[in-house]
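Below you'll find the structure, written out as structure tokens, and then a few comments.
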Amino acid sequence: MNKNQKTNEQTKQLVVDIVNNQKPQTTQQLIVLMTEKYSIPPEKVTLILSELEIDGLFNFTEQKPSTLNKKRHLFFQKHQWYWFTVVFSIATTLAVFLIPASDHPIIWLRYLLGFIFALFFPGYSLSKLIFPNEIPKIFTTQNNTPKSINSWKIDLVNRIPFSIGLSFALLVAIGLILNFTPWGITLIPVMLSLLMLTLILATGAELQCH
């Protein structure tokens, strides 16, 4: 056994120890633990995980869920953002249409909800579609060699201003499109366009995680 093979065997044993002792929930957590604890490059950990999978010790490959599992997965706790976006978007649209324009203090609720919805949620849904939170597990080729690890991840601190910027861009695009339609840039078509766009983008982002 040469030095390189010996090192690989030692790394495999470290992986087994990490899995048995710390029980990481995802492949990405395992890679982070190996990198932080033993200073092993993620690329090398990925290769070791692939070899362990070939040896039959672990199964790290992402499994494609069935259609039924996809529907059930929508109700998991980690996907609350999707349902909150849907409920808030629909509730805001109803509030804008149902709360009359008057001097009553409740009109400020209409303005506040409409402002938050228009300047955040469309862009937030698009950002979730472009940069999903979760990093998928290892994808392998037909030869069971590592292909890639998706590192497109953005934290909440960076996602908020990014979402606001995207919302401005989407608002401008919607305004330009509606300007060439018979409805024009008025309240009803703008709100309905934002609602449909937000729901479509959020649903696309949610289904992309499956």
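Name the single residue, out of those in region 158-189 being surrounded by fewer than 16 Cβ atoms within 10 Å (Cβ to Cβ), polar (S, T, N, Q) and in a helix (DSSP H, G or I), that is modelled with the highest pLDDT. By that ranking, first place goes to ASN179. Close Cβ contacts (under 8 Å, 6 or more residues apart or on different chains) running from residues in region 186-204 that are assigned by TED's automatic domain parsing to the domain that holds LEU119 and aliphatic (A, V, I, L, M) to residues that are outside any helix (DSSP H, G or I) and buried (at least 19 other Cβ atoms within 10 Å of the Cβ) are absent. Among the residues of region 75-129, those identified as aromatic (Phe, Trp, Tyr) and touching a residue at least 24 places away in the same chain (Cβ under 8 Å) are TRP81, TYR82, PHE88, PHE97, PHE117, PHE120, PHE121, TYR124. Remark: LYS147 falls outside the filter, which requires a residue to be at pLDDT 90 or above and either of a type in the set (Asp, Glu) or closer than 30 Å to LEU49 by Cβ (or both).
Screening ILE116 with (1) at pLDDT 80 or above; (2) surrounded by 15 or more Cβ atoms within 10 Å (Cβ to Cβ) gives one miss only, at (2). Taking the criterion of being farther than 21 Å from THR7 by Cα and without any contact (Cβ under 8 Å) to a residue 12 or more places away in the chain, the residues of region 22-42 that qualify are GLN22, LYS23, PRO24, GLN25, GLN29. Based on this model, can you work out whether PHE75 counts as assigned by TED's automatic domain parsing to the domain that holds SER163, at pLDDT 90 or above and not polar (S, T, N, Q)? Considered against the rule, which asks whether it is assigned by TED's automatic domain parsing to the domain that holds SER163, at pLDDT 90 or above and not polar (S, T, N, Q), PHE75 comes out as no. Counting the residues of region 7-57 that are small (Gly, Ala, Ser) and within 27 Å of the chain's Cα centre (by Cα) gives 1.
The values are calculated or read from the model by the stated rules, or taken from the named source; none is laboratory data. These numbers were taken from a predicted model, which means no experiment stands behind them. Virtual Cβ from ideal backbone geometry, glycine too; neighbours counted across all protein chains shown.
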